[in-house]
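Note sheet for the following structure.
The numbers here are math on the coordinates, done by the rules we state, and not lab data. Worth saying up front: this structure is predicted, and the values here are computed from it rather than measured. With ideal geometry, Cβ positions are generated from the backbone for all residues, glycine too; neighbour counts draw on all protein chains shown.
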Amino acid sequence: MSDERVSFAPGVDREAAIEQALTVLRREGVVVLDDLVDPALLARAKAEIEENEPDHARVDPVRNYGPYKGRHTAPMCVQGTLADRAIFLPKPIEKIAIEMLGNNFLVDSMGLLVSLPGAEDQRGHPDGTLFPEVRIEPMLPCFALAFSMPLVPMDEVSGRTAFWRRSHRTMEAKGEHDYAPVVAPGSAILWDFRTWHCGLANRGERTRPVIYSVFSRYWWVEIHPPVATKYEKFLIARDVYDQFPPKLQRRVGRAKLVDGDQLVSAYEVGCGAIGVDL
Ligand SMILES: O=C(O)CCC(=O)C(=O)O
């Protein structure tokens, strides 16, 4: 196993694996978490997503977030198997996020990142920065994490996500990317938002769907690019939300709740539950 991969297979010491993942993430800006989720559970979630979100592969710049040709992030509703904590917010990931982003980190979004057949190599980019103009950025602590859980194998055919390791500490991507892991369903990639990366071409005949979540410090909100603020980036079924424990409800306070044909703000529902008048 390479230095950037940490196994979470049944039987491994979870606490030690979390520590190792944190070390790699802080040093390299990216870590692969192998065998994090039961592939059978994920296969069930995939089947349900395909049924519930039949339009996820349709190119629709209004509904989806997709400033890149051949790729977009489609909204999806957290419900059914997708709402299983083992998929929605695996415990080791929550622990890592607490260490990186503080105890009150938020789940900022959760969508379906789709790479279509024929999608070309993407240009390198960080997912976000705080102070791009000044050289202070690499010295700052992490403000957000991207979490990617492929629903099909990410390989030389379907396309991988390629990284410039340690670029979160230099804020530049020199030369070719230097890490492009093959990732099987059940494994996942976690990276610092500042780490430069790009999606590689999908040379296959099928779409490559990935569950893509963002965790952030409670004060960070995505405002750039402006189109990133226009699509429904985090939807949860109302009955699923109602069954979450209060702490998890606070973590997902930015979500919109799907209640029949209505969308209601989780934040407003949460305030109502504790008697705060907005
Ligand atoms: O396609 C991928 O694997 C990554 C895509 C990506 O980084 C993006 O769309 O911002």
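Points to keep in mind about this one:
- For segment 1-87: rounded, prolate or oblate by the Cα gyration tensor [a/c cutoff 1.5]: oblate
- Whole-angstrom gap from segment 134-192 to segment 31-91, using each part's C-alpha centre: 18
- Phi angles of segment 16-21 translate, via the Karplus equation with coefficients 6.51, -1.76, 1.60 and θ = phi - 60°, into HN-Hα couplings of 5, 5, 4, 4, 5, 4 Hz per residue; Gly and Pro are given as x.
- Across segment 193-208, computed HN-Hα scalar couplings (Karplus, 6.51 cos²θ - 1.76 cosθ + 1.60, θ = phi - 60°) run 4, 7, 5, 6, 7, 7, x, 8, 3, 8, 8, x, 10, 10, 5, 10 Hz from first to last residue, x flagging Gly and Pro.
- Segment 87-160 pair-distance distribution - Cα-Cα, 5 Å bins, rounded %: 3, 11, 18, 19, 17, 17, 12, 4, 0
- 5 Å-binned pair-distance histogram of segment 186-240 (Cα, whole percent): 4, 9, 17, 22, 24, 15, 7, 2, 0
- Principal axis extents of the Cα atoms in segment 5-217, from largest to smallest and rounded to whole angstrom, are 44, 39, 30.
- Relative contact order, percent, segment 143-278 [alpha-carbon distance under 8 Å, six or more residues apart]: 25
- Per-residue Cβ neighbour rank within 10 angstrom, fewest leading, 91, 233: 91, 233
- Coupling constants for segment 238-245 follow from the phi torsions by the Karplus curve (6.51 cos²θ - 1.76 cosθ + 1.60, θ = phi - 60°), and in residue order they are 4, 5, 5, 4, 4, 8, 5, x Hz; glycine and proline get x.
- GluC sites (Glu not before Pro) restricted to DSSP loop in segment 190-278 with at most 14 other C-beta within 10 Å: 205
- Binning all Cα-Cα separations of segment 213-278 at 10 Å, short to long from zero, yields these whole-percent fractions: 19, 50, 28, 3.
- The antiparallel fraction among DSSP beta bridges confined to segment 5-217 stands at about 90%.
- Sparse packing (at most 11 other Cβ atoms within 10 Å of the Cβ) combined with a DSSP loop state is found for the following GluC sites (Glu not before Pro) in segment 101-176: 133, 172, 176.
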